[in-house]
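Contents: one structure, followed by commentary.
Here, each number is a calculation from the coordinates, and none is a lab measurement. Note that this is a predicted model, so its numbers are computed, not measured. Positions of Cβ are generated from backbone atoms using ideal geometry, with glycine treated the same way; all protein chains shown enter the neighbour counts.
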Amino acid sequence: MTVSLCVNEQRCLQSAKPGYKDFEHEYTTYQNETYEIISEWRNLINAQLAISGGRRVLIVDGGLVSGMAPLGADAFLNTGFLGTLDAACKAECIENTIKTWGMDSTWQLGDDSHSRVSSLRGDVKSLDMLTMLLPGGRVAYYGEEIGMKNVDDISFADTVDALALSFGEAKYKTVSRDAYRTPMQWSNGTGENFTSSAEPWLPYGDLSINAAGQDAASGLGLYKQLSALRMKPAFTKGKFDLHETSADDNLVSFTRFVSGDDDAEKFLVILNVGDADETWYPPGNDSAIELGATMQVVLDTEGSGEPYEANFEAFNVTSGAGYVVKV
């Protein structure tokens with residue numbers, strides 16, 4: 001006997017050929033029994049560690065569900081930014097995502113099922129700086145560090161996404177995820193140093209690591225500097241103070257510091273995530289730590305290189321720029 005899913009799960013979309021996404025899967029997803037498996041995994045990991053020693057980290061991809069940490073997960077993948085970071089998502093949008101997901105997250109800007117963030121909004125160095133310096137972990141989808149974009153002109157003959165193929169040649173582009181899954185390009189030339197084959201499983205885009213560059217002004221250069229910076233105590237174990245913003249604001253700013261340790265370095269991070277230049281002003285009494293009028297910029301998205309002093313009583317931040325300031 002064939003039983004329609006409509007009996008148990010609500011139809012949420014209308015299409016001539018209903019698929020998985022056409023239903024609300026309230027009886028088969030986010031069930032308590034599913035999350036209880038996390039405890040079983042943690043017990044298995046602990047049993048192995050008792051034999052071999054060392055440490056293992058359990059990161060769960062399970063949506064925004066509270067209570068996973070007590071079940072044994074060290075962190076969970078934060079999908080709050082996925083597919084939302086178009087040009088309309090400015091400071092308030094980003095701040096709301098940070099507050100919603102909390103600080104146990106492993107932050108990510110993209111994955112294999114959502115548009116590459118560089119295709120949504122162009123230069124994303126300020127977002128790289130944001131997610132690398134927030135509390136928690138950071139997962140980078142390959143190619144983000146060089147600003148890889150979608151490859152949107154993939155023909156039906158070259159398509160490998162099974163879902164897209166099932167929709168046929170007339171509609172495959174409406175659901176295909178192949179544009180976000182093209183190979184990592186290490187260099188220019190045959191195989192791009194990714195494969196020995198002249199024809200990879202999907203076409204290449206037009207940006208390689210060699211073409212993007214690795215100097216301080218490049219995306220990859222910034223990634224390397226941020227990776228080193230986030231090893232400092234202020235970022236590995238420090239407090240996080242997010243400054244309030246408004247609906248029409250382009251600026252996101254926060255401080256990272258080790259509470260009670262006056263000798264540890266303190267940092268202010270200022271980011272312009274909007275489409276217009278804006279002046280940053282100190283938050284005054286809303287700041288958890290005292291900020292000076294003149295402070296040292298230790299890293300910026302412009303690739304300035306050496307640290308430099310700047311006045312922060314009224315600090316101009318160009319669109320897309322980010323600054324890490326030693327307080």
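Here are the numbers:
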{"read-out": "Antiparallel content of DSSP bridges confined to the chain, in %, to 5", "value": "75 percent"}
{"read-out": "Label-point separation in nm, Asn46 to Lys239, each point 7 Å along Cα→Cβ", "value": "3.2 nm"}
{"read-out": "Semi-axes of the equivalent ellipsoid for region 95-140, Cα gyration tensor, largest first, Å", "value": "18, 12, 10"}
{"read-out": "Stretchable slack from Ser187 to Leu163, in nm (0.36 nm times residue separation minus alpha-carbon distance)", "value": "5.6 nm"}
{"read-out": "Ratio of Rg to Rh over region 124-180 (Cα coordinates, Kirkwood Rh, two decimals)", "value": "1.16"}
{"read-out": "Mean separation of Cα contacts under 8 Å (6+ apart) over length of region 77-157, as relative contact order %", "value": "34 percent"}
{"read-out": "If the convex hull is drawn through the Cα atoms of region 24-144, its volume per residue in Å³", "value": "133 Å³"}
{"read-out": "Anisotropy class of region 205-327 from Cα gyration tensor, a/c 1.5 cut", "value": "oblate"}
{"read-out": "Tilt relative to the chain, helix 219-229 - C-alpha long axis, 0 to 90 degrees, to 10", "value": "60 degrees"}
{"read-out": "Mean residue ellipticity (222 nm) of the chain, computed from DSSP H runs ≥ 4 via -39,500 (n - 2.57), nearest 500", "value": "-6000 deg cm²/dmol"}
{"read-out": "Of Glu24, Glu244, Glu145, the one that fluctuates the most in a GNM where the chain has Cα springs shorter than 10 Å", "value": "Glu24"}
{"read-out": "Cα gyration tensor of region 162-250 - equivalent ellipsoid semi-axes, whole Å, descending", "value": "36, 24, 13"}
{"read-out": "Zero-based 5 Å bins, Cα pair distances in region 217-281, whole percents", "value": "4, 15, 19, 19, 19, 16, 7, 1"}
{"read-out": "Calculated Kirkwood radius over Cα pairs in Å (choose from (i) 20.3; (ii) 21.0; (iii) 22.5), label", "value": "(iii)"}
{"read-out": "Angle in degrees between helix 91-101 and the longest Cα principal axis of the chain, rounded to the nearest 10", "value": "70 degrees"}
{"read-out": "Longest to shortest principal axis, alpha-carbon extents of region 87-200, angstrom", "value": "44, 33, 24"}
{"read-out": "Separation in nanometres of the label points that stand 7 Å from Cα toward Cβ, at Met103 and Lys224", "value": "3.2 nm"}
{"read-out": "Label-zone membership for region 312-327, site Ala216, 7 angstrom Cα→C-beta point, backbone N under 17 Å", "value": "322-326"}
{"read-out": "Rounded to 10°, Cα long-axis angle of helix 32-52 versus longest principal axis of the chain", "value": "70 degrees"}
